[in-house]
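J.: Structure incoming, see below.
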Amino acid sequence: MKWLLLKGWGNDMKRRFDMKVALNVFIICLFSFLMISVESAFGKNIAGVDVPQSVMIENKALVLNGAGIRKKLFIKVYVGSLYLTAKQTTVDKILTDPGAKSIVMNFLYKEVSTQKLVDGWNKGFADNSSVKEIKALQDRINQFNSLFTTVYKGDEIRLDYLPGEGTQVRINGTLKGSVPGEDFYPAVLKIWLGSKPADDDLMQAWLGK
């Protein structure tokens, strides 16, 4: 009789243990599912910056092609994100895609002066465009450079391309101006995706690698 009671108690404990294990497995699976769902809906977090999976640019839906950190030596300057109408994995397809595009820079460094921004743009244009191309674009490069002001940690610069309208520059959501021409935005993109990109790791991130 005592043996039967012990056996019953053991079976009861085993059932309780199995139920506890099953419950823990269920909770883990549910948590993982919720985390995946949250990431799918809201994108990813990079260096404290929430990077959405998609954005709307004047009623045009764009998807995140890639995002990463722009570094200069050991300094994290900004989180850079590239949005396209459809995901692409090669530079050529991105540069020749005629659809809307958006580059978003969320600044991590305490302060980047207007002059440093302009110097960076000019170097990027010169490093990745031919002398002939620069000559054809110079007036518009000057116009582009004139649209920037000093930015601080937490600020956002957005460079949008809208077919038929050109390149728009927004700082913290405020439109600063636009630069005409469908040939200008590819030159801007090559600052990050050209033969001498501003940051190799960021370029790979933008290509989804």
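J.: Is there any pair with a first residue in region 44-60 that is at positive phi and free of Cβ contacts under 8 Å to residues at least 40 places away in the same chain and a second that is surrounded by 11 or more Cβ atoms within 10 Å (Cβ to Cβ) and not in a strand (DSSP E or B) whose Cβ atoms are under 6 Å apart and which are 6 or more apart or on different chains, and what are they?
T.: So the pair list comes out empty.
J.: Across region 56-68, what is the number of residues that are touching a Ser or Thr at 6+ places or on another chain (Cβ under 7 Å) and modelled with pLDDT of 95 or more?
T.: Of the residues in region 56-68, 4 are touching a Ser or Thr at 6+ places or on another chain (Cβ under 7 Å) and modelled with pLDDT of 95 or more.
J.: Answer with yes or no whether residue 73 is modelled with pLDDT of 95 or more and either under 17 Å from residue 203 (Cα atoms) or surrounded by 15 or more Cβ atoms within 10 Å (Cβ to Cβ) (or both). If you could, list the steps in order and put the result at the bottom.
T.: Details: modelled with pLDDT of 95 or more: no; either under 17 Å from residue 203 (Cα atoms) or surrounded by 15 or more Cβ atoms within 10 Å (Cβ to Cβ) (or both): yes.
Answer is no for this residue.
J.: For region 101-125, name all the residues that are surrounded by 14 or more Cβ atoms within 10 Å (Cβ to Cβ) and free of Cβ contacts under 8 Å to residues at least 12 places away in the same chain.
T.: Passing the criteria: only 116.
J.: Going by the structure shown, is residue 66 closer than 19 Å to residue 195 by Cβ and assigned by TED's automatic domain parsing to the domain that holds residue 182? Lay out the reasoning, then the answer.
T.: Details: closer than 19 Å to residue 195 by Cβ: yes; assigned by TED's automatic domain parsing to the domain that holds residue 182: yes.
Yes, satisfied.
The values are calculated or read from the model by the stated rules, or taken from the named source; none is laboratory data. Everything numeric here is computed off the predicted structure, so don't read it as measured data. Methodologically, a virtual Cβ is constructed for each residue, glycine included, from the backbone with ideal geometry; neighbour enumeration extends over all protein chains shown.
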